[in-house]
1. Scan the range 395-410 and give yes if some residue there is open to solvent by 20 Å² or more (accessible area, probe 1.4 Å) and among the aromatic types (F, W, Y), otherwise no.
2. Just to be sure before I move on: is D286 charged (D, E, K, R), surrounded by 19 or more Cβ atoms within 10 Å (Cβ to Cβ) and assigned to a helix (DSSP H, G or I) in the structure I sent?
3. Name the pairs: first residue in the range 286-314 and more than 30 Å from V353 (Cβ to Cβ), second residue open to solvent by 20 Å² or more (accessible area, probe 1.4 Å) and not in a helix (DSSP H, G or I), Cβ to Cβ under 6 Å, at least 6 apart or on different chains?
4. Of all residues in the range 322-351, which are closer than 21 Å to D449 by Cα, out of contact with any helix residue (DSSP H, G or I) (no Cβ under 8 Å at 6 or more places or on another chain) and assigned to a helix (DSSP H, G or I)?
5. Looking at (1) at pLDDT 95 or above; (2) of a type outside the set (G, A, S); (3) more than 22 Å from S362 (Cβ to Cβ), which is the one condition that is false for N398?
6. So which residues in the range 414-429 are under 17 Å from S145 (Cβ atoms) and buried (at least 18 other Cβ atoms within 10 Å of the Cβ), if there are any at all?
7. Hey, D475 hits all of (1) touching a strand residue (DSSP E or B) at 6+ places or on another chain (Cβ under 9 Å); (2) over 19 Å from G239 (Cα atoms); (3) acidic (D, E) but one; which does it fall short on?
8. Any residue in the range 400-418 that's within 15 Å of G143 (Cα to Cα): show its pairings with residues that are in a helix (DSSP H, G or I) and charged (D, E, K, R) at Cβ separation under 6 Å, as long as the two are six or more apart or on different chains.
Amino acid sequence: MISAIQNPRIQFLFQCRHQFNFPPKSRHFHRSTILLNSASSSSQVLTEKTLTSTSPPTSEILTIRKSLLSRERKAVEIAEEYLNRLRLTEPTIKSFLHVSENVMKEAEELDLKIERNEELGVLAGVLIGVKDNICTVDMPSTGGSRILQGYRPAYDATAVKKLKQSGAILVGKTNMDEFGMGSTTEGSGFQVTANPWDVSRVPGGSSGGSAAAVSARQCVAALGSDTGGSVRQPASFCGVVGMKPTYGRVSRFGLMAYASSLDVIGCFGSSVADTAILLEAISGHDIFDATSSKREVPSFASQFISTELLESKPLKGLRVGIIGETLGDGVNKPVVSTIKDAALHLEELGCTVSEVSLPSFSLGLPAYYILASSESSSNLSRYDGVRYGNQAAAEELNSLYSDSRCNGFGPEVKMRILMGTYALSAGYYDAYYKRAQQVRTLVQKSFKDALRENDILISPAAPSAAYKMGEKKNDPLAMYAGDIMTVNVNLAGLPALVLPCGFVEGGPAGLPIGLQMIGGQFDEGKLLRVGHIFEQTLQGCRFIPPLVA
């Protein structure tokens, strides 16, 4: 019978009572250092709409699955609902560069499978957006660059292949900064995506299209890529959950390379549960990626605790370190206030919160940009109009190369290629690239030391909430500085989860702020469990933008 098709690991989600057993720690992050004067705190919820007490976020993936298995709804009805919302909001948001023509056809095929009582994948009927630098055989994959305009790969990325095997319906390819180089989507070769919370503001980047699409409920979940924060920063700006897994957890086969030692494929969802289910579906070893890990992939969502089973102190004994360097100069005070309130909430859940220092934290940003630019100068050499990329008309080979790259690449990509080539040149290699690698080692050691004393680390995901379009477009250094909260995690190869934790002033209904949780290598399960409890117990916040509320 069809009821037997239900994935037992997903059923277990509502039955498991997981208990943390962490050793106690004496240092406390005292309430007096966290709680600011509520009358003056601008991190408070700002409108009646967002103040309304609401139930915790639910898993859209599990809801869809339940409705399909019980035959309460058909897949075509669910697909039509999301496509209608996409048609309504897309002229304003501009999340997608391409929308699949096969969505309704695949939904119809799924309904036929259900009628035949065939087995369903865990993502059956779930509409998922895919960042445009992740290869899809049946849709264009341009990396947000005009040099690849019209390009259709001959294969699916491994992550995309696993989505299809799980029954997902790919709704389309999402907008991004060209080849992942940017923090706003203003660097896209085609269009600029708007933030659903305030369409005059950026959604973040480079995975801004994926974050905005999930935030605007144009799709259930989405894939992005994270080289220095490109999943986590837009998740914070758009008020959704973003997961950057450990380097090697998800295969990079089919991901257009920007900086190969830093790139990872990550996930977006409107809840921690959806993000966990999506991450599990795409994780695992891949023979086509020598850097992918052979570690067994746990069932992340099955370890969650149902809200009905939560104890009064469900995180008792969990040691949390709040990174002191992320709360100082350069970080907006309302953001600091919101993160400290989130730390207080963790204390109320039973955590021991203490401030930790990462001495090499400030060194990570310049090291990251040297390493990422150096690797990009090598990786992007293939786009020359001969091997890959649209070819310019020229009578001589060197002119063909230069004209193809000049016409195809945007200014940000050209600048980073030049920076990377300079850093790798014979006279400057030791002064820049080699020293940056030494800093990377220091960053890894500082995280390792901090995580020896703490189970997770927390920080803001970005120094500010979403800013206005054009505000930093002509000031690249200011835009690069916005990555300071996230790049160190990529240098260390660690997993990090960002989930919305509050609001600051701005826009018609306030602007969301994301809390970043960082764990040890392959500790995604721990981060997701903590994030799920945090999300389910957070009171008074409704992270649905006014555009779709």
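1. Within the range 395-410, one or more residues are open to solvent by 20 Å² or more (accessible area, probe 1.4 Å) and among the aromatic types (F, W, Y).
2. Numbers: charged (D, E, K, R): yes; surrounded by 19 or more Cβ atoms within 10 Å (Cβ to Cβ): yes; assigned to a helix (DSSP H, G or I): no.
No.
3. If the second residue must be open to solvent by 20 Å² or more (accessible area, probe 1.4 Å) and not in a helix (DSSP H, G or I), the pairs left are D286/F253; F288/F253; D289/R252; D289/F253; S292/H285; K294/H285.
4. Result: G324, single match.
5. Here N398 clears every test but (1).
6. Quick first cut of the range 414-429, residues under 17 Å from S145 (Cβ atoms) only: 414-418, 420.
R416, I417, G420, listed by residue number.
7. (1)
8. Listed pairs, sorted by first residue: G408/R146; G410/E178; V413/E178.
The values are calculated or read from the model by the stated rules, or taken from the named source; none is laboratory data. What you see is a predicted model; the values in this text were computed from it and never measured. Cβ atoms come from the backbone with ideal geometry, glycine included; neighbour counts cover every protein chain shown. Side chains are part of the model used for accessible areas, which takes the heavy atoms of the whole protein and leaves out ligands, DNA and RNA. Shrake-Rupley method; radii C 1.70, N 1.55, O 1.52, S 1.80 Å.
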